[in-house]
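What follows is a set of notes on a single structure, which appears directly below.
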Amino acid sequence: MYQFNFQPVFGNLDLLLYGAWLTVRLSLMAMVLGLIVSVLGAVAKTSGIRPLRWLTDVYVEVIRNTPFLVQIFFIFFGLPAAGISMSPNTAALVALVVNVGAYGTEIIRTGIESIPRGQIEAGRALGLSPVQIFRHVVMIPALRNIYPSLTSQFIYLMLTSSVVSIISANDLASAGADLNARTFASFEIYLVLTILYFLLALGFSTMFGAIRRVFFTYPASR
């Protein structure tokens, strides 16, 4: 009979909690930068500039139709051949931003195209500038429409970040692998890692829910 032994886990819980913090920090940075890339990509895809739309289409299709593992290997191992070297943590961040940016581009594009043309014309009739129209008439309602899909993609990003440990980037999965190499308590360690990732996903879901209630339920709640 297998004898459970959680002592190696509880004795090094600080290491796992620090790894969880690194995962949170990496994920939040990737979410913020990925959102910026997504908005720029969506604007490019909905613009009338054909070369810009074509380049964005190529970027989105390449990223969405290749494995994330291959993408991170290309960034960390392939780019140095072209003279672009990055630390493991930087390469992990770039890979996550590039990946979520492609998926987010399509999500935000869908939201932008869901805005009725009449609302944009009404904004012009009121004398709003193009920037004001994009911000107040297009972007905010679009984000309200696609917020659940976008935040689900962000949570998936956080869970996907565990893959970056394969290039020795510092995160929760990397901390678990290091601890397992020292203690060989595989079952106990990865059971605790599963629980920690679940709690992180639940925490992000709660945070996104609070943001939605504060910023995206008005004026619908009135």
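Key figures
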item	result
Sites residue 126 and residue 57, calculated FRET efficiency, Cβ-Cβ separation with R0 22 Å, nearest 0.05	0.10
Alpha carbon convex hull of the chain, projected area averaged over orientations, nm²	16.3 nm²
Spin-label pair residue 6/residue 79, simplified geometry with 7 Å Cα→Cβ offset, distance in nm	4.1 nm
Degrees, to the nearest 10: 13-46 long Cα axis against longest axis of the chain	20 degrees
Between helix 186-215 and the chain: long-axis angle, C-alpha atoms, 0 to 90°, nearest 10	20 degrees
Placed amide H near residue 66: partners under 5 Å, 5+ positions off or other chain	none
Contact order relative to length of the chain, as percent, for alpha carbon pairs under 8 angstrom and 6 or more apart	30 percent
Cα long-axis angle, helix 88-113 against the chain (0 to 90 degrees, to the nearest 10)	30 degrees
Integer Hz, Karplus 6.51/-1.76/1.60 couplings in order for the range 119-128, x for Gly and Pro	5, 5, 5, 5, x, 5, 5, 7, x, 6
Sites residue 87 and residue 184, calculated FRET efficiency, Cβ-Cβ separation with R0 30 Å, nearest 0.05	0.55
Ascending count of other beta-carbon atoms within 10 Å, so fewest first, for 151, 110, 217	217, 110, 151
Distance between the range 168-222 and the range 92-120 - C-alpha centres, whole angstrom	24 Å
The chain: calculated mean residue ellipticity at 222 nm from DSSP helix runs of at least 4, using -39500 (n - 2.57)	-24000 deg cm²/dmol
Order of 171, 14, 57 - criterion: other Cβ atoms within 10 Å of each residue's Cβ, fewest first	14, 57, 171
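Throughout, read-outs are computed from the coordinates displayed, never taken from laboratory work. Predicted model only: the values in this text are computed from it and were never measured. Note that we place each Cβ from the backbone using ideal geometry, even for glycine, and neighbour counts take in every protein chain shown.
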